[in-house]
Amino acid sequence: MCTKTIDVRELAPPGPFEVALQAIAELGGDDELVLLHRREPFPLYDVLADLGFTHHVERLEGDFRIVIRRRPRQAP
Amino acid sequence: MMPLPLAAAVALEGVGRGPSADGLPPFSVPLRFFLTAALFGVVGGGLLAWSGAPAVSSRWMPQFLAVTHLMTLGVLGMVMAGALFQVVPVLGGGGLPRARLLAHLVHPALAGGTACLAVGLGSQSPNWLQGAVVLLGVAGLLLGSAVAVRVARSRAPALRPIRLALLAGVAGIGLGIWMAAASAWPAVQFAYRTWTNVHAAWAGAGLGLLLIFGVAQQVLPMFHVTPPFAARVAQWLPRLHVLALVLMVLPRPWSAIGCVILALAAGGFALAGLDLLRRRRRRRRDAAVLAWQGGLSAIVVALVVVAVAAGWPSASTVGWWFVVELPVGVLFGVGGLGTILIGMLTKIVPFLAFLHLQRAAVHAGKPAGQVPAMAHFLSDRIAHAQVGLHLAAGVALVAATFLPTLTTGAGLLLAADFAVLFAWLARAAWRYRVAWRLIS
């Protein structure tokens, strides 16, 4: 498993959204993506769920750390 | 025949269907409000041009009252209502309850109510005012309740400032509806001259300014990569702002003290916003930055004049206040609130179009690269021309309050300003529709 961290705090919209979509496309099965964001990217969450990803949000001092992983496949 | 904004919205209605977990309604929902706002601006400017110099001879002139409400309710109110449908889910993670149905009810009620009010005030006709009271009451109650429910449920800090704006809106709009009812039905009593200033203060400096300041706390750092507002500024100045509005209801000297506190609180917030823009990390001075800078500066100047007038002995009864009250109102409404809202439209309309198309591309399994860039929906050149034209119209209107012979020209400039707004909004809607068809 490897963790890729991307800081999108200096990007104006729609930069963070584009960067996140590009990064999750390259994410391996067990990898996780950490987004450092200045606010909660609510519109992104719906898209992540649709693409089969889960997310977890942690509040940092004034910023947000969003950890994104592929949703585990359920056993048949 | 179907009204143009509604037709454009209906054309987009098939676009973006499907439930959204984060409550983002289809692009057609805010767009119908924005298109209608632009049309009200064209009508307001046209009416001012047609009325000419007599319209600006006093704030109580029927034509001036009609134009004022076309611009405040018709333009500012429409844009704010439309923006709430999209801004609340983007900032708070969850949309207004039953957003699509709500928009279907609020939009015609607000548009019809504003039209009735403008005709009723312009012609002094009680029947039109009765219609306005009913329709605006329905629109205010529905939208106000929906926003209140959503904000009360949310834990998102970004939505907290909207609570104070909502409180001011209930008072300001409620007073306005009561005043219209008193003109429409003789049985309803109301002391107009006493309460008109309170109505204007709570609706304009209350709802309008608090909502813009609340949104500014999110939008300035988000779109222009500025540092955030200092915690003390964000927490305390809006509360002081509301305290000032409460004091302004009381007799002198409390009302005068309220005006001075308002200038300090709201003027301080505007200056803090200007300072953040100066320190922005994204150095590009796009049209929205120009609009924020122009609008916030106009608000500061207007508030300083109000504070000086409030502290001036007997300014409320005689003297120079009567000379400056009209230009100050125009500077605040058109130059301040109007410029900021138009600047925000140049940012949020292309952003929302892009966002909805990106989500549609993901849902359809299409590559994100198929989605046109934000500039496809509004170019920098047109955005700058729009903000520049609006600032020129604002300067011309303020000048017309001193030199009434300029009124017709200023009115035409204002109508042209909103005609340009309508044109690029309609083009953005069309380009969105074309892109949507390609993607889905």
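The values are calculated or read from the model by the stated rules, or taken from the named source; none is laboratory data. Quick caveat: nothing in here was measured; it's all calculated off a predicted structure. So basically every Cβ, Gly included, is an ideal-geometry build from the backbone, and we count neighbours across all protein chains shown.
When you scan region B:178-196, do you find a residue that is among the aliphatic types (A, V, I, L, M) and within 14 Å of chain A (Cβ to nearest Cβ), even just one? Looking for residues that are among the aliphatic types (A, V, I, L, M) and within 14 Å of chain A (Cβ to nearest Cβ), one finds none in region B:178-196, hence no. Which ones in region B:37-53 are in a helix (DSSP H, G or I) and out of contact with any Phe, Trp or Tyr (no Cβ under 9 Å at 6 or more places or on another chain)? Listed by number, the residues that qualify are B:Gly46, B:Leu47, B:Ala49, B:Trp50, B:Ala53. Filtering region B:124-156 down to residues that are out of contact with any helix residue (DSSP H, G or I) (no Cβ under 7 Å at 6 or more places or on another chain) and assigned to a helix (DSSP H, G or I), which residue is farthest from B:Val215 (Cα to Cα)? Only one residue tops the list, namely B:Asn127. Being under 25 Å from B:Arg155 (Cβ atoms), more than 10 Å from chain B (Cβ to nearest Cβ) and of a type in the set (Val, Ile, Thr) holds for only one residue in A:Ile66, A:Ile6, A:Ile24, and it is A:Ile66.
For B:Arg280, only one of the following conditions fails: (1) of a type outside the set (Val, Ile, Thr); (2) farther than 18 Å from B:Gly338 by Cβ; (3) in contact (Cβ under 8 Å) with a residue 12 or more places away in the chain; (4) more than 14 Å from chain A (Cβ to nearest Cβ). What is its number? So B:Arg280 meets the others, but not (4). Against the criterion of being in contact (Cβ under 8 Å) with a residue 40 or more places away in the chain, surrounded by fewer than 20 Cβ atoms within 10 Å (Cβ to Cβ) and touching a Cys at 6+ places or on another chain (Cβ under 9 Å), B:Gln124 does not qualify.
When B:Ala230 is tested against (1) hydrophobic (A, V, I, L, M, F, W, C); (2) more than 23 Å from B:Gly172 (Cβ to Cβ); (3) surrounded by 21 or more Cβ atoms within 10 Å (Cβ to Cβ), exactly one condition is not met: (3). Just one of (1) within 14 Å of chain B (Cβ to nearest Cβ); (2) at pLDDT 85 or above; (3) crowded, with 19+ Cβ neighbours inside 10 Å fails for A:Pro43. It is (2).
Taking the condition facing chain B (nearest Cβ under 10 Å) and either without any contact (Cβ under 8 Å) to a residue 60 or more places away in the chain or over 22 Å from B:Gly95 (Cα atoms) (or both), does A:Leu60 pass? Criteria not met by A:Leu60.
Each row is one residue, and each column tells you yes or no for (1) at pLDDT below 95; (2) among the hydrophobic types (A, V, I, L, M, F, W, C).
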residue: B:Pro238; (1), (2): yes, no
residue: B:Pro251; (1), (2): yes, no
residue: B:Ala263; (1), (2): yes, yes
residue: B:Arg282; (1), (2): yes, no
residue: B:Gly294; (1), (2): no, no
residue: B:Val308; (1), (2): yes, yes
residue: B:Leu326; (1), (2): yes, yes
residue: B:Leu341; (1), (2): no, yes
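Count of region A:10-30 residues, restricted to those that are under 12 Å from B:Met222 (Cβ atoms) and crowded, with 16+ Cβ neighbours inside 10 Å, is 6.
If only one of B:Gly343, B:Gly369, B:Gly365, B:Gly411 is of a type in the set (Gly, Ala, Ser) and in contact (Cβ under 8 Å) with a residue 60 or more places away in the chain, which one is it?
Checking each option against the conditions leaves just B:Gly411.
Among the residues making up region B:400-440, those that are over 14 Å from B:Ala55 (Cβ atoms), of a type outside the set (A, V, I, L, M, F, W, C) and assigned to a helix (DSSP H, G or I) are B:Asp417, B:Arg427, B:Arg431, B:Tyr432, B:Arg433, B:Arg437. Looking across region B:161-182 at every residue that is among the hydrophobic types (A, V, I, L, M, F, W, C) and surrounded by fewer than 18 Cβ atoms within 10 Å (Cβ to Cβ), the one that is farthest from B:Phe229 (Cα to Cα) is identified as B:Trp178. Right, A:Leu33: farther than 18 Å from B:Pro227 by Cα, surrounded by 19 or more Cβ atoms within 10 Å (Cβ to Cβ) and in contact with a helix residue (DSSP H, G or I) (Cβ under 8 Å, 6 or more places away or on another chain) or not? Criteria met by A:Leu33. Taking each residue of region B:142-163 that is within 14 Å of chain A (Cβ to nearest Cβ) and looking for partners that are hydrophobic (A, V, I, L, M, F, W, C) and outside any helix (DSSP H, G or I) with beta-carbon atoms closer than 8 Å, six or more apart or interchain, yields B:Arg150/B:Leu96. Here B:Gln358 meets the list (1) in contact (Cβ under 8 Å) with a residue 24 or more places away in the chain; (2) at the interface with chain A (Cβ under 10 Å from one of its Cβ atoms); (3) polar (S, T, N, Q) almost entirely, failing just condition (1).
Is one or more of the residues making up region B:207-217 in a loop (DSSP other than H, G, I, E, B) and in contact with a helix residue (DSSP H, G or I) (Cβ under 6 Å, 6 or more places away or on another chain)?
Looking for residues that are in a loop (DSSP other than H, G, I, E, B) and in contact with a helix residue (DSSP H, G or I) (Cβ under 6 Å, 6 or more places away or on another chain), one finds none in region B:207-217, hence no.
Listed by position, the strands (runs of 3 or more DSSP E) contained in chain A that have at least 1 residues being more than 13 Å from the chain's Cα centre (by Cα) are A:53-59.
The rows are residues; the columns are (1) under 18 Å from B:Thr72 (Cβ atoms); (2) within 14 Å of another protein chain (Cβ to nearest Cβ); (3) not aromatic (Phe, Trp, Tyr).
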| site | (1), (2), (3) |
| --- | --- |
| B:Gly338 | yes, no, yes |
| B:Leu345 | yes, no, yes |
| B:Val362 | no, yes, yes |
| B:Phe402 | no, no, no |
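Checking each residue in region B:364-382 for being in contact with a Ser or Thr (Cβ under 8 Å, 6 or more places away or on another chain) and over 21 Å from B:Gln293 (Cα atoms) picks out only B:Ala364. Going by the conditions given, is B:Ala385 within 19 Å of the chain's Cα centre (by Cα) and either of a type in the set (Val, Ile, Thr) or closer than 16 Å to B:Ala291 by Cβ (or both)? For B:Ala385, the condition - within 19 Å of the chain's Cα centre (by Cα) and either of a type in the set (Val, Ile, Thr) or closer than 16 Å to B:Ala291 by Cβ (or both) - is not met.
When region B:86-107 is filtered for residues that are away from chain A (no Cβ under 14 Å) and part of a helix (DSSP H, G or I), the ones remaining, listed by number, are B:Ala99, B:Arg100, B:Leu101, B:Leu102, B:Ala103, B:His104, B:Leu105, B:Val106, B:His107. Evaluation of B:Pro372 against the conditions (1) crowded, with 16+ Cβ neighbours inside 10 Å; (2) in a helix (DSSP H, G or I) shows that the sole unmet condition is (2). Looking at B:Ala266, B:Ala234, just one residue is within 14 Å of chain A (Cβ to nearest Cβ) and touching a residue at least 60 places away in the same chain (Cβ under 8 Å), and that residue is B:Ala234.
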